[in-house]
Amino acid sequence: MSNTGFQDSEDTELRQEQQFIDGLYARVDALRGHTEGSVTDALAQGNTPMQARLERDILVAERSGLLAALNAVDGSLCFGRIDLTSGISHHIGRIGLRTDDAERTPVLIDWRADVARPFYLATGHTPMGLRRRRHISTDGRRVAALHDEILDLGDATRTGHEDPSGDAVLLAALNSARTGRMGDIVQTIQAEQDEIIRAPHRGVLVVEGGPGTGKTAVALHRAAYLLYEHRELLAKRAVLIVGPNPAFLGYIGEVLPSLGETGVLLATVGELFPGVKATATDTREAAAVKGRADMADVLAAVVRDRQALPDPVIAIEHDREILMLDDDLVNMARERTRAAGLQHNAAREHFEGHILNTLTDMVAERIGTDPYDGSNLLDPSDITQIRDELAENPEVWSAIDQLWPRVTPQRLVADFLAAPEGYVGDEDAAAIRRPVTRAWTVADVPLLDEAAELLGEDDRVARARAERERENQVAYAQGVLDVSYASRTYEFDDKDEEDSEVLSAHDIIDAERFAERHEQDDHRSAAERAAADRTWAFGHIIVDEAQELSPMAWRLLMRRSPTRSMTLVGDPAQTAEPAGVGSWSGILQPYVEDRWEHARLGVNYRTPAEIMELAAAVVRAENPDFEPPSSVRSTGVRPWIRATDDLPGAVAKAVEELTPVEGRLAVIAPRELHRRLAARLDGVTAGAEPDLTHRVVLLDPRQAKGLEFDSVLVVEPGRYGTSDLYVALTRATQRLGVLHTGALPTALGSCR
């Protein structure tokens, strides 16, 4: 074939793909324009009922993910094509699109569909019925390049876009500049990742992998796949994704919307108790104590101590008499109440009944006993009257509040932390003691959740609150109907009597039914409702950096997953939190024993071999048998290590040296150095939640977990523990520098 002919063939392939992409975007623009246009037309009409109905429909569409998908696909709506040996071809993309005719023929295959699996799994050895796999690289809506892999070697057809290694698209993605936001990997999912993404959603799946193996990306794509495969179930119950810190959640926050999925709740453990936001920071010692499993027993003891006995008696004045409640009488009421097995606040009603009965017996015995034979002269109606009168005595309720008070989780935990002596040892008490008014920490949230489980809620209080809310809604509905009626009356004042017979809303619905309809009209997504409901049971939970969670945090999460449908992602070698369990069996044995699956990712896509060699040496200094994940690429740029006497100045100079033309740089340093370093770095603020989209960010090792940057500068590595240092050294995709004033860890010293 002549060069001209080859070029013509190449241009033809590009033109055909561009025409196909143009057609897809025309369909998407039409869908988007139709949806947005409907609202615009309604608003232009000024028709209030129509506005409300259409705005509601649009809200429902947004909640279902339709508009999110349409608005997020501009980057690469279609990214691949598979050509089968049968002659059939399928284009693969972020969402599925079909023709508008009766046949509803697929035009674009959703990457999660079974028919798309060969795009990710087929090899020359196992072609899965493919003769060719094509990666389509786009720049906006323009087809920029094609990369073809020939899987049927007997097929002599060539396009001029063949990629002999089949790795061009993957390596381009790995070498691209970072933006401060995680991108999806939908175009480059590898076979080992695909197996995990599509694993059954029932049960517990543990995904273990070292730095750079794509654990987080796999977990997020697994969430998208599960929502696609089990839409009806998970759309109702929602998916919860738990991350280690707010910066991490911001970093991953655009991945699922780019895949068309919005019905997911992203949260840290510190955000999983509605109404509480953890803003304070614990010491390592305090976090370790609060995270221990035996804190559940400690809090149970604290609750039991709220069920008090008189000291020594409580005197109640009633009808000019003094009634004495002593230890024996109250203890009998207390034990009978405890025997019911109810939570503290829910059991309060039982305790009230026992105390009222005890006091009623006292009064009845005093005023109704025959002095001659000791018989009781009162009939049941007299007893009932006595009990009712006692129930109206404020001193009775004051005594009950003293003996069995209603308690909120916040009050219980705050009081315990203010005076923990007697519940924990002296050293532990000193570590966790704090003023009642102090803000909550992340480690406090599992304690609050445990307290809520122990305390429960007096449903009479909830019923009374619900009744008040309903009365307000009915009153509001009545006001709306009254306005409607008044408006109708005014409208027909000057019209014929016949016209005035037209029915209005006031004629066909009353306020109570109107209020009921309003109650049922809840347009919040399942994720939004779940965020406000502590007792919500999620359809699936994904936990990133799972090895870091404390036993108490696991108790909280297991309550939110009664079906134990979970994906746990992490690396025990990176465990840094003092309360972290650190082993999968240690985490799971109390809940599912050995009924869990384990998958391991062994390929490092992020960290170049030169950097990984240095990081692995740090871990091998403590664990000679340690095997890191194998890096898929080498940059030829070795990390450097320098000593300095002027740390802030050296950091500022190194930042200038390492800052990429494109991409992001992280300075990872101990928290106590941040203020000094930030003073020398333009646009960097110490103490604030880092904005990862800035060119340069300042982090400590814990904040850097799960993140990646083009370049990384690690400061004072001698102050880190092994796991923190391992994390810090493995965040870079291109270049790594190390600065120190003090002694280096032995492993780094030998690598200088």
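The values are calculated or read from the model by the stated rules, or taken from the named source; none is laboratory data. As the structure is a computational prediction, the values presented were derived from the model and not from experiment. With ideal geometry, Cβ positions are generated from the backbone for all residues, glycine too; neighbour counts draw on all protein chains shown. Ligands, DNA and RNA are stripped out before the accessible areas are found, and what is left, the full protein with its side chains, is counted by its heavy atoms. Shrake-Rupley method; radii C 1.70, N 1.55, O 1.52, S 1.80 Å.
Listed by position, the strands (runs of 3 or more DSSP E) inside the stretch 189-280 whose residues that are among the β-branched types (Val, Ile, Thr) and in contact with a Phe, Trp or Tyr (Cβ under 6 Å, 6 or more places away or on another chain) number at least 1 are 204-209. Just one residue in the set 141, 81, 134 is within 36 Å of the chain's Cα centre (by Cα) and modelled with pLDDT under 90; that residue is 141.
Kindly indicate which of 104, 112, 178, 134 is among the charged types (D, E, K, R), out of contact with any Gly (no Cβ under 7 Å at 6 or more places or on another chain) and under 21 Å from residue 76 (Cβ atoms).
Values: 104 fails: under 21 Å from residue 76 (Cβ atoms); 178 fails: out of contact with any Gly (no Cβ under 7 Å at 6 or more places or on another chain); 134 fails: out of contact with any Gly (no Cβ under 7 Å at 6 or more places or on another chain).
Step by step, each of 104, 112, 178, 134 is checked, and only 112 is among the charged types (D, E, K, R), out of contact with any Gly (no Cβ under 7 Å at 6 or more places or on another chain) and under 21 Å from residue 76 (Cβ atoms).
May I ask you to verify whether residue 687 is of a type in the set (Gly, Ala, Ser), at positive phi and either open to solvent by 20 Å² or more (accessible area, probe 1.4 Å) or at pLDDT 90 or above (or both)?
Details: of a type in the set (Gly, Ala, Ser): yes; at positive phi: yes; either open to solvent by 20 Å² or more (accessible area, probe 1.4 Å) or at pLDDT 90 or above (or both): yes.
In short, yes.
Cβ-Cβ distances below 6 Å connect the following pairs, each with a first residue in the stretch 233-262 that is among the polar types (S, T, N, Q) and at pLDDT below 90, a second residue that is buried (at least 19 other Cβ atoms within 10 Å of the Cβ) and not in a loop (DSSP other than H, G, I, E, B), and a separation of six or more residues or different chains: 258/72; 262/68.
Conditions (1) touching a His at 6+ places or on another chain (Cβ under 9 Å); (2) farther than 22 Å from residue 459 by Cβ; (3) charged (D, E, K, R), marked per residue:
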{"residue": "379", "(1), (2), (3)": "no, yes, yes"}
{"residue": "382", "(1), (2), (3)": "no, yes, yes"}
{"residue": "395", "(1), (2), (3)": "yes, yes, yes"}
{"residue": "407", "(1), (2), (3)": "yes, no, no"}
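Here residue 409 meets each of (1) in contact (Cβ under 8 Å) with a residue 12 or more places away in the chain; (2) open to solvent by less than 50 Å² (accessible area, probe 1.4 Å); (3) farther than 30 Å from residue 275 by Cβ with one exception, condition (3). Here residue 649 meets each of (1) under 26 Å from residue 182 (Cα atoms); (2) open to solvent by 10 Å² or more (accessible area, probe 1.4 Å); (3) at pLDDT 95 or above with one exception, condition (1).
Just to be sure before I move on: is residue 309 touching a Leu at 6+ places or on another chain (Cβ under 8 Å) and assigned to a loop (DSSP other than H, G, I, E, B) in the structure I sent? Let's see the steps before the verdict.
Details: touching a Leu at 6+ places or on another chain (Cβ under 8 Å): yes; assigned to a loop (DSSP other than H, G, I, E, B): yes.
For residue 309, the condition - touching a Leu at 6+ places or on another chain (Cβ under 8 Å) and assigned to a loop (DSSP other than H, G, I, E, B) - is met.
Residue count for the stretch 162-182 under the criterion of being under 25 Å from the mean Cα position of the chain (by Cα) and surrounded by fewer than 17 Cβ atoms within 10 Å (Cβ to Cβ): the result is 2.
Condition (residue is of a type in the set (S, T, N, Q), in contact with a strand residue (DSSP E or B) (Cβ under 9 Å, 6 or more places away or on another chain) and touching a residue at least 24 places away in the same chain (Cβ under 8 Å)) applied to the stretch 283-305: is it met by at least one residue?
Taking the stretch 283-305 first, the residues of a type in the set (S, T, N, Q) are 283.
After this cut, where a residue has to be in contact with a strand residue (DSSP E or B) (Cβ under 9 Å, 6 or more places away or on another chain) as well, the list is none.
Within the stretch 283-305, not a single residue is of a type in the set (S, T, N, Q), in contact with a strand residue (DSSP E or B) (Cβ under 9 Å, 6 or more places away or on another chain) and touching a residue at least 24 places away in the same chain (Cβ under 8 Å).
The residue that is most open to solvent (accessible area, probe 1.4 Å), among those in the stretch 564-596 that are part of a loop (DSSP other than H, G, I, E, B) and of a type in the set (A, V, I, L, M, F, W, C), is 581.
If you check 599, 609, 615, 643 for being surrounded by 20 or more Cβ atoms within 10 Å (Cβ to Cβ), touching a residue at least 24 places away in the same chain (Cβ under 8 Å) and of a type in the set (Gly, Ala, Ser), only one passes: 615. Residue check, residue 351 against (1) open to solvent by 80 Å² or more (accessible area, probe 1.4 Å); (2) in contact with a helix residue (DSSP H, G or I) (Cβ under 6 Å, 6 or more places away or on another chain); (3) not aliphatic (A, V, I, L, M), all met but one. Which one? Residue 351 satisfies every listed condition except (1).
Yes or no, residue by residue, for (1) buried (at least 23 other Cβ atoms within 10 Å of the Cβ); (2) of a type in the set (D, E, K, R):
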| position | (1), (2) |
| --- | --- |
| 223 | yes, no |
| 242 | yes, no |
| 263 | yes, no |
| 268 | no, no |
| 282 | no, yes |
| 285 | no, yes |
| 290 | yes, yes |
| 315 | no, no |
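So if I check each of 359, 378, 390, 412, which one is out of contact with any Lys or Arg (no Cβ under 6 Å at 6 or more places or on another chain), among the hydrophobic types (A, V, I, L, M, F, W, C) and modelled with pLDDT under 95? Sole residue among the options that is out of contact with any Lys or Arg (no Cβ under 6 Å at 6 or more places or on another chain), among the hydrophobic types (A, V, I, L, M, F, W, C) and modelled with pLDDT under 95: 378.
Please tell me if residue 332 is surrounded by 19 or more Cβ atoms within 10 Å (Cβ to Cβ) and modelled with pLDDT of 95 or more. Spell out how you get there, then give the answer.
Values: surrounded by 19 or more Cβ atoms within 10 Å (Cβ to Cβ): no; modelled with pLDDT of 95 or more: yes.
The answer is no for residue 332.
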